[in-house]
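The values are calculated or read from the model by the stated rules, or taken from the named source; none is laboratory data. Remember, predicted model here, so these are calculated numbers, not experimental data. With ideal geometry, Cβ positions are generated from the backbone for all residues, glycine too; neighbour counts draw on all protein chains shown. Each accessible area value is taken on the protein alone, full model and side chains, heavy atoms only, with ligands, DNA and RNA left out. Shrake-Rupley method; radii C 1.70, N 1.55, O 1.52, S 1.80 Å.
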Amino acid sequence: MTETEVALRTLAHNVRSARTRAGLSLDELGRRAKVSKGALVGLEKAQGNPNFATLVRLADTLGVSVSALMDGPAEGRVRVVSAGAVMPLWAGERGSEARLMLTTSGPAPVEVWRWRLEPGEEYPSHPHQAGVVETVSVTTGRMVLVVDGAEHPVAAEQTATFDGDVPHTYRGAGDETCHLIMTVHLPPGPTPTA
């Protein structure tokens, strides 16, 4: 079995389990997450190739982290993750990418992401569930963080934080590649979906 097949089976199991725990039918999950029932049926059968936006919408609707949908069983007390071992969840046409490195455990999990943004390339994100807080720390280059329509330049050695429950966009700026670490702080405990 290939790595991709294993990842799809893990994703299928985790989505089905989270949906069952939330007490949602395929129809209701699809309606709330704005994902077709056919795509959900395929996903739960470990078929297809869901995109990043779909995974984020499903995670938000189910009240879990993206990595909770993708991770297999825990591997021990310390986990070291190499960027090269993690497939990008988003790749832009100019070479930008986002990799979900890991998610901490506990009542208020934190996702840790590595991003590369090429000049002028952007990723627009839909609003997350209430209580989600994002932090971006630029290590090299420059970016523009757009939150609810307002632009905020963020340069190397600067960090910005914002409530993620509004539309937001990450855009590469300047003439060199921007590298950043993003954390997504999820609200504590299971969140009811409405």
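Within region 162-183, the set of residues being part of a strand (DSSP E or B) and over 24 Å from GLU93 (Cα atoms) comprises PHE162, ASP163. When THR139 is tested against the conditions (1) crowded, with 18+ Cβ neighbours inside 10 Å; (2) more than 26 Å from GLY23 (Cα to Cα), the lone failure is (1).
If you scan region 133-161, which residues turn out to be of a type in the set (Asp, Glu) and part of a strand (DSSP E or B)? If you could, list the steps in order and put the result at the bottom.
Of the residues in region 133-161, the ones of a type in the set (Asp, Glu) are 134, 148, 151, 157.
GLU134, GLU151, listed by residue number.
Condition (residue is under 23 Å from SER65 (Cβ atoms), touching a Ser or Thr at 6+ places or on another chain (Cβ under 8 Å) and in contact (Cβ under 8 Å) with a residue 24 or more places away in the chain) applied to region 143-154: is it met by at least one residue? Checking region 143-154: at least one residue is under 23 Å from SER65 (Cβ atoms), touching a Ser or Thr at 6+ places or on another chain (Cβ under 8 Å) and in contact (Cβ under 8 Å) with a residue 24 or more places away in the chain. The set of residues from region 113-142 being basic (Lys, Arg) and touching a residue at least 60 places away in the same chain (Cβ under 8 Å) comprises ARG114, ARG116. Against the condition among the basic types (Lys, Arg), over 17 Å from ILE181 (Cα atoms), modelled with pLDDT of 75 or more and part of a loop (DSSP other than H, G, I, E, B), how does ARG77 come out, does it pass? Against the criterion (among the basic types (Lys, Arg), over 17 Å from ILE181 (Cα atoms), modelled with pLDDT of 75 or more and part of a loop (DSSP other than H, G, I, E, B)), ARG77 does not qualify.
Going residue by residue through region 122-139, is there one that turns out to be of a type in the set (D, E, K, R) and over 21 Å from ARG57 (Cα atoms)? Quick ask: steps written out before the conclusion?
Filtering region 122-139 down to residues of a type in the set (D, E, K, R) leaves 122, 134.
In the following step, the residues that additionally are over 21 Å from ARG57 (Cα atoms) were identified as none.
No.
Each row is one residue, and each column tells you yes or no for (1) open to solvent by 40 Å² or more (accessible area, probe 1.4 Å); (2) under 27 Å from GLU176 (Cβ atoms); (3) out of contact with any strand residue (DSSP E or B) (no Cβ under 9 Å at 6 or more places or on another chain); (4) of a type in the set (Ser, Thr, Tyr).
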residue	(1), (2), (3), (4)
ARG16	yes, no, yes, no
LEU29	no, no, yes, no
VAL41	yes, no, yes, no
MET70	yes, no, no, no
ALA85	yes, yes, yes, no
LEU117	no, yes, no, no
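Here is a check on your reading of the model: is ARG31 farther than 23 Å from VAL6 by Cβ and assigned to a helix (DSSP H, G or I)? Write out each step before concluding.
Values: farther than 23 Å from VAL6 by Cβ: yes; assigned to a helix (DSSP H, G or I): yes.
It is true that ARG31 is farther than 23 Å from VAL6 by Cβ and assigned to a helix (DSSP H, G or I).
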